[in-house]
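Working notes for the structure below.
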Amino acid sequence: MASFDLPRRLAAEALGTAMLVATVVGSGIMAASLTGDTALALLANTLATGAILVVLITVLGPISGAHFNPAVSLVFAMSRTLKKRDLAGYVAAQIFGGIVGTVVAHLMFALPILELSGKARTGGAQWFSEGVATFGLVAIILAGIRFEQKAVPWLVGLYITAAYWFTASTSFANPAVALARSLTDTFSGIRPVDLPGFWIAEISGAVAALLLFTWLLQSGASSTLSSEAKP
C-alpha cells in the first residue's frame, strides 16, 4: 500500500465501494424481481455480496488496503495503520463511491437515478445488531491481518455472508454503504431517518473491537517485556 500515492488509493477506495454497493443494490433488485420469497431473495443478495467482497479486497487491497468502509478506516487511523491526515479523504471517497454504486445499479435496472428509501430499519434490536455486526467485521480484519493476512478477503466475505443471516439488521456494518442504501427504494434500502442510529452503532462496534483486539492480539512475550521495561 505504501508504494501507491494518495490519489490512487482514494480512487481504489471509491471504485471498490461503488462496485460493492452496485452489487448489494443490484442483486437485491434482481432477486426481488425474480422471486416473491423474501428468504430466497435475501440468500441471493447475501451470496452476491460475499462473493464481490472477496474479489474487491483481493484486487484492490494491495493499492488502498480495501477498506471501503469509514468505520474500518477510522479503526486503522486510530491504530496508526492509516495516516490520520488521509482519513477524511478515505471517508469522502467511500461516500462518493457508494452513491455512484447506487446510481449504477439504478441505471442498470432502468430505475430513477436516486430515490429515497421508505424501508424502515430502526429500534434497539436493529442498532444492537449493527454494533455486533461491525464489531465482528473489525475483529475478523484485525485478527486476520495478524495471523493470516492472505486469507483476509475470504474471511471478510465469509463473515459478511454469515452476518447477513445471524443479525436482525442483515449486517450493513458500514456507514458509507448505509448512506448509499438510503438512496434506493428497493429491496436493500433503508430510510434516511434511520441512518443516525445505524451510524452510531457501527462506529461504536468498530471502536469496541479495536480496543478489545489491541489487547487480545498482544503476545505474552510482548506483554512481559513491556511490564519488565517499567521502572
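The values are calculated or read from the model by the stated rules, or taken from the named source; none is laboratory data. Computed from a prediction, not measured in an experiment: that's the story for all the values here. Cβ: placed from backbone, ideal geometry, glycine included. Neighbour counts: every protein chain shown. The area values use the complete protein model at the heavy-atom level, side chains included, leaving out ligands, DNA and RNA. Shrake-Rupley method; radii C 1.70, N 1.55, O 1.52, S 1.80 Å.
A cut-off under 14 angstrom between Cβ atoms defines the neighbours of residue 86, and their net charge, with Lys, Arg +1 and Asp, Glu -1, is +4. Surface analysis of region 41-183 yields an accessible area of 44 Å² per residue, using protein heavy atoms and a 1.4 Å probe. One Cα centroid belongs to region 95-153, the other to region 155-214; the line between them spans 5 Å. Loop-located trypsin sites (Lys or Arg not before Pro) in region 43-121 (DSSP state other than H, G, I, E, B) with a sparse environment of at most 12 neighbouring Cβ atoms within 10 Å: 80, 83. Shown here: region 1-110, whose C-alpha atoms stretch 47, 24, 21 Å along the first, second and third principal axes, sorted largest to smallest. Which chymotrypsin sites (Phe, Trp or Tyr not before Pro) in region 51-126 sit in a loop by DSSP (not H, G, I, E or B) and have at most 15 other Cβ atoms within 10 Å of their own Cβ? Sites meeting the loop and neighbour criteria: 109. Treating each Cα of region 110-231 as an identical point scatterer and ignoring solvent, apply the Debye formula and state log10 I(q)/I(0) at q = 0.10, 0.14, 0.16 Å⁻¹. Results for region 110-231 at q = 0.10, 0.14, 0.16 Å⁻¹ read -0.40, -0.66, -0.80.
Net charge in the neighbourhood of residue 29 (other residues with Cβ under 15 Å of its Cβ; Lys, Arg +1, Asp, Glu -1) is 0. Based on Cα atoms of the chain, Rg over Rh with Rh as the Kirkwood radius reads 1.00.
Taking only the Cα atoms of region 1-46, the ratio Rg/Rh comes out at 1.29, with Rh defined as the Kirkwood radius.
Whole-percent P(r), region 123-163, all Cα pairs, 5 Å bins from 0: 6, 25, 27, 19, 11, 7, 4, 1.
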